[in-house]
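Structure first, then comments.
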Amino acid sequence: MKSFSELTILSLGDLVSDLNVAIQSLPVTHQGHQLVDRVHLEPGGAGNFLLAGARLGCRMIALGVVGDDIYGREMLEVLESEGVKTEDVIRQPDGNTTLVFVLADNHGHHVFLGQVGRGPQVSLQDNWKAALRSADAVHSYGYTLNEERLAPTLLAGMEYALACGKPVFFDPGPHVANVPIETRWQALQRCSAVLLTEEEIPLVVPGGQGLADAPRLFSETVHLVVVKRGSEGSLALSADGRQVEHPGFKVPLVDSTAAGDSFAAAFIASWLQGRPLLDALAIANAMGAAKVQKPGSGRQVPTLAEVRAVLNGTVNI
Amino acid sequence: MPAGCVLLFGDLNVDNILTVPEIPTPGHDTYASRVETHLGGAVCNTSVILQRLHQPARMLGAIGQDHWGEFVLQELQRAGVDTRYIVRKFEQGTGLIFIAVIPNGERTMFSYRGANTILLPQDIPEDILDGVSLVQLSGYVFISPLQCQSAFHLIEMARKRGVPVSLDTGLDPLEREPEIFRQVLPHLTLCITGEEEAALLTGKPDLKDQAVALLAQGMKMVAIKLGGRGAYLAWPQGELLLPAFQVEVKDTTGAGDAFSAGLIYGWMHGYSPCASGALANALGGLSTTYYGAAWIGRDEVLPFLQSVQRQQPDHPARCGIQESIQRLSMQA
């Protein structure tokens, strides 16, 4: 079995800068002025996935677009500090970084103020193709289909990776609801595995209600569907009719932010190692369970030791 | 004698202005149509305008070792401000202000003061006052214990070297630490403040009484900003109420900082109080015609004063306007 450090996983799109602003109290009073105790910037979106993979020891490659602005620079620096390769990320001088301002008070309430990144269209350039060819697997988010400058290239990149024989994972996410139906189908035709929650099934299966409709995601290209069920664990369905379920780990919930992204990184890495599906689910659930015990996202994704602690020897990593 | 440099001490910030349709309730989200990043902090705005009036400015303050700090340095350097004495801290990040603006223009602010609050007395080298002829303080330096210690240390350094000290109080800091401000007053040569602030400082409701009380502390000039109504100036020999110039207001951010730049410039260069006030009012008014803190200076304020002179030859501040025009025109 390959070790994590022998694996290269590429994440395409969804580079987000999360600016976490710790304020005194919510709701926000209009015209008010509050002093803030703490501000910290963390990679959001695919950043959580990339950091989680890097924490396991995988070689992680980020492809995507940011603005050549402070938010983009700070975020890429954090990724680089954790060993994520970012040199092929496009930094647009005339564009801006996708941003989420998270205002959080100390009672656990949040407010999100976001800005979708804008800038000139990007194309599937040669260095991106080379990066896609170098990867053992590619991961992408439906959220990126909202990003006009990148959406067509995301689809082209997924198609290219698939044509190169790479496993392509697609996580539609709840925001795919804002994406035109045809674009959603285009993404589903360009991936080999779908990672999603039960609630998202209706967004990608026409007329779909829930779990029972998950097998309708299988197609000429899609051979694997992984359903994330939060504290209930997860299950994997393969096109040959096999269904494997892992009940998850019962742990105290502190903050579920970034748990799904961390889960995805651990699942893909373990699956690439060639482990049985049940073990891959167990490792992914352990990663998710390790995350929910910690507050925050970005650099707060679990370490390998924290994942091992949850697994408690049931699976060796 | 040519005036030396102005040393400014206050918060060095990056303003992040988010234009949003609404402020969401807890658990909800909203999308900003624009996010802008600007240099912020009262002393930063004032220093930029001083430089653009060809008045050398030097900055004292602390930033973090992050890209926001880089941005602050770049912007100040772009304006020509001397940034050699700015300290970089690794314990805390650069000061960041988040301003959410909704369509009716209402602004909601969150301030992270970060590295600003940990500037220490030992971060201020002795030679910082070389060539300095005025120290300008922002009221915000008095609301965090370490920064406050540093401010008093700087005041003491200035006193020893006979360098006058000026303060722009600001309302928010004064409301937080009124007692500290009362301790600062006797050290000031110039005090720039607002109506509410002056009332808080002196406990008197009337402008004239406020000015008398402040001058009794030994100041040479008191300027009370009255927003759209102009400004009230008082000095030991006289007083003056200067109405604001008529402008099309777009955004009042930084107007007070621009006013301060005009006032201290006039004072340093020996302008009459009326001319100092006219220049301060002109810069304050002009800055409201720009969105955000305006990068304005001599090239903008001179034509503005000339047009006021043409259109309102009987303006109550005509003597000051005339004097400012003459003196600014003499500048190469």
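Readers should treat all values here as calculations from the given coordinates under stated rules, not as data from a laboratory. For clarity, every value in this text was computed on a predicted model and none was experimentally measured. Positions of Cβ are backbone-derived with ideal geometry, glycine not excepted, and every protein chain shown enters the neighbour counts.
A few comments on the model shown:
- Sites listed here are chymotrypsin sites (Phe, Trp or Tyr not before Pro) in segment B:65-166 whose DSSP assignment is loop and whose Cβ has at most 10 other Cβ atoms within 10 Å: B:Phe90.
- For the listed residue pairs B:Lys204/B:Lys250; B:Lys160/B:Lys225; A:Lys166/A:Lys228; B:Lys220/B:Lys250; B:Lys160/B:Lys204; B:Lys208/B:Lys250, the alpha carbons are over 27 angstrom apart in B:Lys204/B:Lys250; B:Lys160/B:Lys225; B:Lys220/B:Lys250; B:Lys160/B:Lys204; B:Lys208/B:Lys250.
- A Förster radius of 45 Å combined with the Cβ-Cβ distance from B:Ala216 to B:Glu22 puts the calculated FRET efficiency at roughly 0.40.
- Segment B:64-96: GluC sites (Glu not before Pro) in DSSP coil with no more than 14 other Cβ atoms inside 10 Å: B:Glu91
- Here the protein assembly as shown is treated with +1 on each Lys and Arg Cβ and -1 on each Asp and Glu Cβ, and its dipole about the Cα centre works out to around 660 debye.
- Low-density loop cleavage sites - GluC sites (Glu not before Pro) in segment A:46-89, where at most 16 other Cβ are within 10 Å (DSSP): A:Glu87
- What you get for segment B:121-265, charging only the Cβ of Lys and Arg (+1) and of Asp and Glu (-1), is a dipole of about 400 debye around the Cα centre.
- Gained length - B:Asp209 relative to B:Arg161, 0.36 nm times residue gap less alpha-carbon distance: 14.1 nm
- Counting neighbouring Cβ atoms within 10 Å and putting the fewest first, the residues B:Val308, A:Val205 line up as A:Val205, B:Val308.
- In percent, rounded to a whole number, the relative contact order of chain A is 17, using alpha-carbon pairs under 8 Å and six or more apart.
- In terms of its alpha-carbon gyration tensor, chain A comes out rounded; the largest-to-smallest axis ratio a/c stays below the 1.5 threshold.
- Here B:Gln311 and B:His54 are evaluated by their C-beta separation; at R0 = 22 Å the FRET efficiency comes out at 0.25.
- Listed residues A:His107, A:His223, A:His175, most fluctuating in chain A (Gaussian network, C-alpha, under 10 Å): A:His107
- Scaling the Cα radius of gyration of segment A:204-252 by the globular reference 2.2 N^0.38 Å produces a ratio of 1.25.
- Net charge of Cβ neighbours under 13 Å - reference B:Ser329; Lys, Arg +1; Asp, Glu -1: 0
- Taken along the Cα-to-beta-carbon direction at a fixed 7 Å, the label points for B:Gln246 and B:Arg34 span 2.8 nm.
- Phi-derived couplings, Karplus 6.51 cos²θ - 1.76 cosθ + 1.60 at θ = phi - 60°, listed residue by residue for segment B:50-57: 4, 4, 6, 8, 6, 9, x, 10 Hz, with x used for Gly and Pro.
- Fully extended contour minus Cα-Cα distance, from A:Ser134 to A:Ala239, at 0.36 nm per residue: 35.2 nm
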